[in-house]
Each structure stands twice: as C-alpha cells, then as structure tokens.
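Accompanying notes for the structure given below.
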Amino acid sequence: MPELLPHADHMTAPMPLAVAVRHCFPHGGVTKNTLLAACRSGSLAYAVIGNRFMVTEADIKQWCDTCRI
C-alpha cells in the first residue's frame, strides 16, 4: 500500500478507489467497480482529484454503516 501523507489523519486521507479496496476490504467482497457504482449512485461520498475518484476511510465506514440491515 502506498504511504499516506505523513501528517494526514488516516481516516481523512484521500485514496484512489483501487487502494481503498485493498486497504478497507483486504478479504475481498468489494471491488473497485463496486465503489465506483456507489459513488455514481450518490451513496458513497467521494472527491474527484486529478480526474480520479478518491475516497477516505471515513467515507467507506459511513457507507458500510448505511448498508447495514
């Protein structure tokens, strides 16, 4: 996994979707396309930085919390 910014809080440091999948879902079950679809549907908060969709660990946690039944 690439190093995050040295002074950034790991919950709020933006990361590309592919990195988010590896970091937040190490055992599988979620793909980059899953996150991209969630971003496009509006259920997952994201930022576009340099034409790349970026999410934070906090965004992923909030998205997972809203998916719970």
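Name every residue in the stretch 19-49 that is open to solvent by 40 Å² or more (accessible area, probe 1.4 Å) and part of a helix (DSSP H, G or I), in order of residue number.
Arg22, His23, Lys32, Asn33, Thr34, Ala37, Arg40, Ser41
Is there any pair linking a residue in the stretch 18-45 that is in contact (Cβ under 8 Å) with a residue 40 or more places away in the chain to one that is surrounded by 15 or more Cβ atoms within 10 Å (Cβ to Cβ) and not in a loop (DSSP other than H, G, I, E, B), with Cβ under 7 Å and at least six apart or on different chains, and which?
Ala20/Leu35; Ala20/Val55; Ala20/Ile60
Would you pick out the residues in the stretch 50-69 that are surrounded by 18 or more Cβ atoms within 10 Å (Cβ to Cβ) and free of Cβ contacts under 8 Å to residues at least 24 places away in the same chain?
Scanning the stretch 50-69 gives a single hit, Asp59.
The values are calculated or read from the model by the stated rules, or taken from the named source; none is laboratory data. Everything numeric in this text was worked out from a predicted model, so none of it was measured. Don't worry about glycine lacking a Cβ; one is built from the backbone with ideal geometry, like all the others, and counts go over all protein chains shown. Each accessible area value is taken on the protein alone, full model and side chains, heavy atoms only, with ligands, DNA and RNA left out. Shrake-Rupley method; radii C 1.70, N 1.55, O 1.52, S 1.80 Å.
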